[in-house]
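Participant: Structure incoming, see below.
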Amino acid sequence: MATKTIKVSEKYAWKWYEKFYFMSISLGMFVTLKHFIKSAFLRQQVTVSYPEERKPLSSRFRGLHRHKRDEEGRERCTACYCCQWVCPADAIHIEAAAVKPEEQHLYREDKYAKVFNVDLLRCIFCGLCEEACPKGAIYLDGGIPMPDDSRDRLILTKEMMMEPTGGKIIGERL
Amino acid sequence: MVNIFVDGIEVSVDESKNLIDALKEINIDVPHFCYHPKLEVVGMCRICLIETGMTKIDPATKAPVLDENGKPVVMWNPKLQAGCNTAITPGMHINVASDKVKKAREGVMEFLLINHPLDCPVCDKSGECSLQNYSFSVGHETTRYKEVKRNIPQEKIGTNLLINHNRCILCYRCVRFDRDIVGVHDLEMQARGNDTVIAYTPPNGAGSGLLDHNYQGALADICPVGALLNENILFRSRVWWYEQNQSICHGCSTLCNVTTNIKNNEIYRYMPPENPEKNGYFICDKGRFSTSDFSRDRLFSYLLKGHASKSKDVLPQIAERVQLAHNILVIGGTTESQEDLAGIQEATTTWERLGKAVKWEYRTLDYMWNNEWDVQIDFLLMKDQRPNSAGVRALVSGLANRNEYESAVKAADLIFVVNEFAAPYAYRTDNFEELKQNPLYRLLEQNNLWDRVIVLGTHANSATASALSAFPVLAFPEKAGTFIDKKGMARKSQVSLKAPQGLPSSAQVLAALNRYVEQNAAVTV
């Protein structure tokens, strides 16, 4: 197909029929009409009414942090500080403590995270904590982070992140 | 020095040393767990296996037999030898990196890791663990062991010591350390084979009390794995976060060289120095954990009758008191560096020039009056637990005896107490009972003398609260200085903690006070 070269140094001289914009407008109206018919009559609309309705996320989507438990319902996190160490945004704060004998059934090792906070205001959702975790305890699969008007609610505590029971096996994403 | 052949290369080594140490000097690392330069050789861990051999000698001619290339033939021993237990002989051939040695090490490492739980993420030793290091450098990345690992629960065997039997590789270091260095026979190996554990065997029979000596930190330190752990720093940090500085320990007048472990401008512990061969392998618990609570209750503001105030308000008022005083008594100085002592002395000469009767006494505690400066508690720790008592003794003559000191305290118009109530960083507000035992505190309390006491202190406590005024000063880790140890050697300490900007040392705060004093004196004249 021969290309039409327009010299930009010179002002383009409109043809008389181009001055009516008839062709361009009808082309545009055709696209509009096409989608109107598709969504109004053929139920093929592409938008959803977010946030009531949500589209499925990719399995690799990095969203809110989730703490996992193992098959017996024990917390996987052993407060090894690997995620805190690797975090480039310095968003994770951990305080470790020794597990008391009467609480031993809740944890896998004798060390647990007494405090585990993720500061969403600092987090850049890079996923390095997920990669660094040797126990498969933290995954960024909690969906899209929602805005909030309180600073406290944007600092995730362990209780906010902990999934009730079960959870993904180590290395498995989704 | 003799010449030996390491991997076919002729090197010169010191034959009086152990083979592992001698090779370390020429930068050849032989892996080892049970070997320690200060402990007797036992050869338990078998990771230091090396190939040894001698040049073949023709019995008839007594000359080395040469092969077709003209090189001497080496008669290799058929079995591998433990490197730590091999004597250095001139002309010996050893292989530390041959395939046979590497395979043997891999095998030994696999055996050592059979019952090891591999819980490095949880283990406090991780990062400074020999087993971890050698597992990465000479071990194999996978294990063939499929059976269930031995699981023995963790035990508390010392007042500050935990033992995790699963991590133990039975290197016998702790037993030898307790027996040979500390001199107590209370750790022993029990049972046989797979059931072998290190057990605490107290002298009065099993179950009678806990291991309680001053080297529990050193026990955890020489443990090449994370089997022995100190309870007071358990899970508080990870070792790779620590900033390390070379400094000296302020815990007693031995002034051991130490490496500081600092995180977020807080000292977690002292560790033995980086060059232990020169500076000593061990430090005691008293020194190691002396700064663990250092950052609590630090005094950062000037206090006037217990209320926080500013130096601009406090110093002129105290300067007026100095102006009016006739007898000034300075107490303390054993915690201060030589530089600070010189500053305090300069302040006293200033006051003398203004016509005051100034006395300086550095002895406050009982052992000081009994002249027990050289009494050792154990092989490192001294009864004299002040860093610079030797320096202050050389500088200050002090008063004649205790009675004279007590009457001087009662007669003084103004008493400057330099760091006595915070030294050695033990007397905080929550430790009031201990502070009440302090003879100087008792003396001031009984005679109700607090309205004439000015405390130069590092930590806020009931003494700083009840004194007329308290000046915050830099503490030991926050300033560099020279200290005189028990042998009379000058030792330099380094700045390891960042102090708040503008916090003065005791010399600087007295100099600032004396600027006001001299201003006032100039006005009145």
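The values are calculated or read from the model by the stated rules, or taken from the named source; none is laboratory data. Here the structure is a predicted model, which is why all the values come from computation and not from measurement. Note that each Cβ is placed from the backbone with ideal geometry, even for glycine, and that neighbours are counted across all protein chains shown. Just so you know, the surface numbers come from the protein's heavy atoms only, side chains and all, with ligands and any DNA or RNA stripped out. Shrake-Rupley method; radii C 1.70, N 1.55, O 1.52, S 1.80 Å.
Participant: So B:PRO273 clears everything in (1) more than 14 Å from chain A (Cβ to nearest Cβ); (2) assigned to a loop (DSSP other than H, G, I, E, B); (3) in contact (Cβ under 8 Å) with a residue 60 or more places away in the chain except one condition, right? Which one?
Facilitator: Result: B:PRO273 passes all but (3).
Participant: Hey, another quick one. Considering only residues that are open to solvent by 70 Å² or more (accessible area, probe 1.4 Å) and either in contact with a strand residue (DSSP E or B) (Cβ under 8 Å, 6 or more places away or on another chain) or on the phi > 0 side of the Ramachandran plot (or both), look in the stretch A:109-137 and name the one that is farthest from the other protein chains (Cβ to nearest Cβ). Steps first, answer last, please.
Facilitator: At the first step, the residues of the stretch A:109-137 found to be open to solvent by 70 Å² or more (accessible area, probe 1.4 Å) are A:114, A:121-122, A:124, A:131.
Filter once more, keeping what is either in contact with a strand residue (DSSP E or B) (Cβ under 8 Å, 6 or more places away or on another chain) or on the phi > 0 side of the Ramachandran plot (or both): A:114, A:121.
Details: A:LYS114: 9, A:LEU121: 21 Å.
Once the filter is applied, the top-ranked residue is A:LEU121.
Participant: I'm checking my understanding of the structure. Among residues of the stretch B:367-426 that are assigned to a loop (DSSP other than H, G, I, E, B) and touching a Cys at 6+ places or on another chain (Cβ under 6 Å), which one is surrounded by the most Cβ atoms within 10 Å (Cβ to Cβ)?
Facilitator: Going through the qualifying residues, I end up with B:GLN385.
Participant: Looking only at residues in the stretch B:14-24 that are touching a residue at least 40 places away in the same chain (Cβ under 8 Å) and open to solvent by 50 Å² or more (accessible area, probe 1.4 Å), which one is nearest to the chain's Cα centre (by Cα)?
Facilitator: B:LYS17
Participant: Open to solvent by less than 60 Å² (accessible area, probe 1.4 Å) and part of a loop (DSSP other than H, G, I, E, B): is that true of B:THR350 in this structure? Walk me through how you get there before you give the answer.
Facilitator: Details: open to solvent by less than 60 Å² (accessible area, probe 1.4 Å): yes; part of a loop (DSSP other than H, G, I, E, B): no.
No; evaluated as a whole, the condition is false for this residue.
Participant: Another one. Considering each residue of the stretch B:258-290, count those that are among the small types (Gly, Ala, Ser) and within 16 Å of B:ASN232 (Cα to Cα), and give that number. Reasoning before the result, please.
Facilitator: As a first pass, look at the stretch B:258-290 and keep what is among the small types (Gly, Ala, Ser): B:280, B:287, B:290.
Restricting the remaining residues to those that are within 16 Å of B:ASN232 (Cα to Cα) gives B:287, B:290.
Residues meeting the conditions: 2.
Participant: Say we look at the stretch B:197-227 and pick out the residues that are open to solvent by 30 Å² or more (accessible area, probe 1.4 Å) and hydroxyl-bearing (Ser, Thr, Tyr); which of these is farthest from the other protein chains (Cβ to nearest Cβ)?
Facilitator: Looking at residues that are open to solvent by 30 Å² or more (accessible area, probe 1.4 Å) and hydroxyl-bearing (Ser, Thr, Tyr), I get B:THR201.
Participant: What is the residue count in the stretch A:68-81 for residues that are within 16 Å of A:GLY127 (Cα to Cα) and at pLDDT below 90?
Facilitator: Qualifying residue count, the stretch A:68-81: 1.
Participant: Take B:VAL11 and tell me if it is β-branched (Val, Ile, Thr) and either closer than 16 Å to B:PRO224 by Cα or within 38 Å of the chain's Cα centre (by Cα) (or both).
Facilitator: On the way: β-branched (Val, Ile, Thr): yes; either closer than 16 Å to B:PRO224 by Cα or within 38 Å of the chain's Cα centre (by Cα) (or both): yes.
Yes: the conditions hold for B:VAL11.
Participant: Next question, about the same structure. Go through (1) over 19 Å from B:LYS479 (Cβ atoms); (2) within 24 Å of the chain's Cα centre (by Cα) for B:ALA308 and report which single condition fails.
Facilitator: Checking B:ALA308 against (1) over 19 Å from B:LYS479 (Cβ atoms); (2) within 24 Å of the chain's Cα centre (by Cα), the one that fails is (2).
Participant: Of all residues in the stretch A:55-92, how many are away from chain B (no Cβ under 14 Å), open to solvent by 40 Å² or more (accessible area, probe 1.4 Å) and free of Cβ contacts under 8 Å to residues at least 40 places away in the same chain? Quick ask: steps written out before the conclusion?
Facilitator: We begin by selecting, within the stretch A:55-92, every residue away from chain B (no Cβ under 14 Å); these are A:55-73, A:88-89, A:91.
From what is left, the residues that are open to solvent by 40 Å² or more (accessible area, probe 1.4 Å) are A:55-62, A:66, A:69, A:71-72, A:88.
Okay, now just the ones that are also free of Cβ contacts under 8 Å to residues at least 40 places away in the same chain, so A:55-56, A:58, A:72.
Result for the stretch A:55-92: 4.
Participant: May I ask you to list the residues in the stretch B:291-338 that are among the polar types (S, T, N, Q), within 18 Å of B:LYS356 (Cα to Cα) and assigned to a helix (DSSP H, G or I)? Don't jump to the end; show me each part of the working.
Facilitator: Keep residues of the stretch B:291-338 that are among the polar types (S, T, N, Q), which gives B:291-292, B:295, B:301, B:309, B:311, B:317, B:323, B:327, B:334-335, B:337-338.
The next check asks that each one be within 18 Å of B:LYS356 (Cα to Cα); those that pass are B:317, B:323, B:327.
Correct list: B:GLN317, B:GLN323.
Participant: If I ask for residues that are in contact (Cβ under 8 Å) with a residue 24 or more places away in the chain, in a loop (DSSP other than H, G, I, E, B) and more than 17 Å from the chain's Cα centre (by Cα), which ones from the stretch B:192-227 would you list?
Facilitator: Scanning the stretch B:192-227 gives B:THR196, B:LEU210, B:ASP212, B:PRO224, B:VAL225, B:GLY226, B:ALA227.
Participant: Can you work out which of the residues in the stretch B:136-176 that are of a type in the set (Ser, Thr, Tyr) and within 21 Å of B:CYS48 (Cβ to Cβ) is most open to solvent (accessible area, probe 1.4 Å)? It would help to see each step written out before you state the result.
Facilitator: Here is the first cut: in the stretch B:136-176, the residues of a type in the set (Ser, Thr, Tyr) are B:137, B:142-143, B:145, B:159, B:172.
Narrowing the set further to residues that are within 21 Å of B:CYS48 (Cβ to Cβ) leaves B:137, B:172.
Values: B:SER137: 79, B:TYR172: 39 Å².
Per the stated criteria, the residue is B:SER137.
Participant: Kindly list the number of the only condition in (1) of a type in the set (Lys, Arg); (2) part of a helix (DSSP H, G or I); (3) modelled with pLDDT of 90 or more that fails for A:ARG153.
Facilitator: A:ARG153 satisfies all of (1) of a type in the set (Lys, Arg); (2) part of a helix (DSSP H, G or I); (3) modelled with pLDDT of 90 or more except (3).
Participant: Can you pull out every residue in the stretch B:439-451 that is in contact (Cβ under 8 Å) with a residue 40 or more places away in the chain and surrounded by fewer than 18 Cβ atoms within 10 Å (Cβ to Cβ)?
Facilitator: Going residue by residue through the stretch B:439-451, those that are in contact (Cβ under 8 Å) with a residue 40 or more places away in the chain are B:439-440, B:449.
Of everything in the stretch B:439-451, those that are in contact (Cβ under 8 Å) with a residue 40 or more places away in the chain and surrounded by fewer than 18 Cβ atoms within 10 Å (Cβ to Cβ) turn out to be B:PRO439, B:LEU449.
Participant: Assess whether A:GLU95 counts as being among the acidic types (Asp, Glu), within 13 Å of chain B (Cβ to nearest Cβ), within 23 Å of A:LEU140 (Cα to Cα) and open to solvent by 50 Å² or more (accessible area, probe 1.4 Å). Show your work before the answer.
Facilitator: On the way: among the acidic types (Asp, Glu): yes; within 13 Å of chain B (Cβ to nearest Cβ): yes; within 23 Å of A:LEU140 (Cα to Cα): yes; open to solvent by 50 Å² or more (accessible area, probe 1.4 Å): yes.
Considered against the rule, which asks whether it is among the acidic types (Asp, Glu), within 13 Å of chain B (Cβ to nearest Cβ), within 23 Å of A:LEU140 (Cα to Cα) and open to solvent by 50 Å² or more (accessible area, probe 1.4 Å), A:GLU95 comes out as yes.
Participant: Restricting attention to strands (runs of 3 or more DSSP E) lying wholly within the stretch B:25-134, give those where 3 or more residues are within 14 Å of another protein chain (Cβ to nearest Cβ) and either in contact with a Gly (Cβ under 7 Å, 6 or more places away or on another chain) or buried (at least 21 other Cβ atoms within 10 Å of the Cβ) (or both). Even if it seems obvious, please write down each step before you answer.
Facilitator: Working: elements: B:49-55, B:74-76, B:93-95.
Where strands (runs of 3 or more DSSP E) fall fully within the stretch B:25-134, none carries at least 3 residues being within 14 Å of another protein chain (Cβ to nearest Cβ) and either in contact with a Gly (Cβ under 7 Å, 6 or more places away or on another chain) or buried (at least 21 other Cβ atoms within 10 Å of the Cβ) (or both).
Participant: I'd like the full set of residues that are outside any loop (DSSP other than H, G, I, E, B), out of contact with any helix residue (DSSP H, G or I) (no Cβ under 8 Å at 6 or more places or on another chain) and within 14 Å of chain A (Cβ to nearest Cβ), limited to the stretch B:228-247. Write out each step before concluding.
Facilitator: In the first step, residues of the stretch B:228-247 are kept if they are outside any loop (DSSP other than H, G, I, E, B); the result is B:228-230, B:239-241, B:243-247.
From what is left, the residues that are out of contact with any helix residue (DSSP H, G or I) (no Cβ under 8 Å at 6 or more places or on another chain) are B:239, B:243-246.
Answer for the stretch B:228-247, where residues must be outside any loop (DSSP other than H, G, I, E, B), out of contact with any helix residue (DSSP H, G or I) (no Cβ under 8 Å at 6 or more places or on another chain) and within 14 Å of chain A (Cβ to nearest Cβ): just B:VAL239.
Participant: If you don't mind, there's one more thing I want to ask. Return a yes/no flag: does the stretch B:430-445 have any residue that is assigned by TED's automatic domain parsing to the domain that holds B:LEU395 and part of a loop (DSSP other than H, G, I, E, B). Spell out the reasoning first.
Facilitator: Within the stretch B:430-445, the first condition is being assigned by TED's automatic domain parsing to the domain that holds B:LEU395, and the residues that meet it are B:430-445.
Okay, now just the ones that are also part of a loop (DSSP other than H, G, I, E, B), so B:437-438.
Yes, the stretch B:430-445 has at least one match.
Participant: Anything in the stretch B:183-196 that is open to solvent by less than 40 Å² (accessible area, probe 1.4 Å) and among the hydrophobic types (A, V, I, L, M, F, W, C)? List them, or say none. Before you say what the answer is, go through the steps one by one.
Facilitator: Taking the stretch B:183-196 as the starting set, the residues that turn out to be open to solvent by less than 40 Å² (accessible area, probe 1.4 Å) are B:186-187, B:196.
Matches in the stretch B:183-196: B:LEU187 only.
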